[in-house]
Amino acid sequence: MASYKLPLKRLSLGVQEFTYHLGKDFFSDIEPLEVRGGNVDAVVSVDRKSDDIYQIEMTLKGEITIPCDRCLDDMQWAVDTSYDLSVKEGDEYDDSVDNVLTIPSHWRELDLAPLLRDTVLLTIPIKHVHPEGGCNAQMLERLSQHMAADEPLRSGREDTGSYNLGDDPRWEALRKLKDNN
């Protein structure tokens, strides 16, 4: 695996730029079902302000392969994001403040891999599905055979657009409370 270590102590004052390519090998360490591959270019600009303060700007562009939540087939997801981070030296590692990272002063390098990985992962929406008509038709047919909405109502009551949970006395008690208000 390529090195994503930033040689902080060897950087001169001012701005330096580094480029990294995040491919399938980079994403292979992530949970198997989260990201299945990728082709993302990362540009990392480091501005060393003083001996112990660095301003890091990461810009990531490309695409990753993730599973569709609906049909489970691979789908491409565009990545176009940036992340700014202030890094300062201190007594111990601390990432409890947003966009500020404190690293021990004896560290010579900063491993960017976790920061790059997390920045990419944060671009994935909670629900990620193919555009309409893009899902695997066989899987959609199979899913439609198991949908609860196709099942007949169990209590025989008229469907009011909400789920009918049968004659569960707990729901009846809640309905009475609703009707009394």
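The values are calculated or read from the model by the stated rules, or taken from the named source; none is laboratory data. Owing to the predicted nature of the structure, the values given are computational and were not obtained by experimental measurement. Cβ sites come from the backbone with ideal geometry, for glycine too, and all protein chains shown count toward neighbours. For the accessible areas, the whole protein counts, side chains as well, though only heavy atoms, and no ligand, DNA or RNA atoms are used. Shrake-Rupley method; radii C 1.70, N 1.55, O 1.52, S 1.80 Å.
What are the ³J(HN,Hα) couplings of the range 72-80, residue after residue, when phi is run through the Karplus curve with 6.51, -1.76, 1.60 and θ = phi - 60°? Round to Hz, x for glycine and proline.
Taking θ as phi minus 60°, the curve returns 6, 6, 5, 9, 8, 10, 6, 10, 8 Hz for the range 72-80.
5 Å is the cut-off here: which amide hydrogens, built 1.01 Å from N in the peptide plane, fall below it relative to Arg36, excluding neighbours closer than 5 in sequence?
Residues meeting the amide H criterion: Thr65, Ile66.
Just read off the accessible area of Asp25 with the full protein assembly in place, 1.4 Å probe, to the nearest 10 Å².
Counting only protein heavy atoms, the figure is 110 Å².
Where does each of 120-133, 76-89 land if you order them by average Cβ count within 10 Å, highest first?
Values: 120-133: 11.5, 76-89: 15.6.
Sorting 120-133, 76-89 by mean packing, highest first, produces 76-89, 120-133.
5 Å is the cut-off here: which amide hydrogens, built 1.01 Å from N in the peptide plane, fall below it relative to Leu110, excluding neighbours closer than 5 in sequence?
HN-HN under 5 Å from Leu110: Leu6, Leu8.
When the dipole is taken about the Cα centre of the chain, and only Lys, Arg (+1) and Asp, Glu (-1) are charged at their Cβ, what size is it in debye, to the nearest 20?
For this selection, approximately 100 debye.
Can you tell me what percent of all Cα-Cα pairs in the range 1-136 are more than 26 Å apart?
31 percent
So if I restrict to the alpha-carbon atoms in the range 81-126, what is the Rg, and what is Dmax, the biggest pairwise distance, in Å?
12.0, 38
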